[in-house]
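For reference, the structure discussed in these notes is given below.
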Amino acid sequence: MAGRNSDVATLSHGRREDRVLRSVPGQNGWQWCRKCQGLAFSDGRVAGPCPAGGTHDHRSVRTYSLLLDAGSGRGQDNWRWCGKCQGLAFNGAGPGHCPAGGVHDHTVSGNYTLWCDEPLTHGQDNWRWCGKCQGLAFNGMPAGACPAGGVHDHTASDNYILWHHPTTDIPAKFPPRWVEVGSTLARVAFARETRKTGAVKAA
């Protein structure tokens, strides 16, 4: 029973996080590339070029939301989308190398703000700035390929936290255990409603 209660609590927490995320003024559709570890925009069209070769690999179902033109004064702004590689790069430390060739192109980008060095319950930390290419990459895996050569350099980076959508981690075909957890949640909700309204009348 301990395992079941833990699973139910996790799923319920995920739903609360999802409601919070929907209230965040931001842009969805950002995804992690499993080849270069970078963050790039993916709206279902052709993926951008990857410094590890070919195009970005977004086969992870987790998506991230970034604050766009928020103007809240919290976090670090001046992060920009590159129209050539689709990646996110910092625009306050000089132009960075782009895997599409030359430097990043931010001419039509909005102003993105990232949360850094503060806990965020419904976020994922350990995203880092690369001092070589200016891009943002995940540091929880072996260092990814950098368009400036070699691998990303995160030595001078803050710890950035990204909002993510936990419920999108559920694959198309639910494992039996998750179906069981979902049924448990439904039974708990039904029992609670029955206690409030009395016995259910027959149709």
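Throughout, read-outs are computed from the coordinates displayed, never taken from laboratory work. These figures come from a predicted structure and were not determined experimentally. A quick note on method: Cβ atoms are made from the backbone with ideal geometry, for glycine too, and the neighbour counts reach across all protein chains shown.
Dipole magnitude for the stretch 25-175: about 460 debye, using +1 per Lys or Arg Cβ and -1 per Asp or Glu Cβ, origin at the Cα centre. Note on D158 and L68: their simple-model spin labels are 2.2 nm apart, each label 7 Å out from Cα toward Cβ.
Taking a ≥ b ≥ c as the square roots of the eigenvalues of the Cα gyration tensor, an a/c ratio below 1.5 marks the stretch 25-175 as rounded. Using the average count of surrounding beta-carbon atoms within 10 Å as a protection proxy, the listed peptides 131-143, 94-106 rank, highest first, as 131-143, 94-106.
Packing around the peptides 148-154, 36-42, 79-85, taken as the average count of other Cβ atoms within 10 Å per residue, puts them in this order, highest first: 36-42, 79-85, 148-154.
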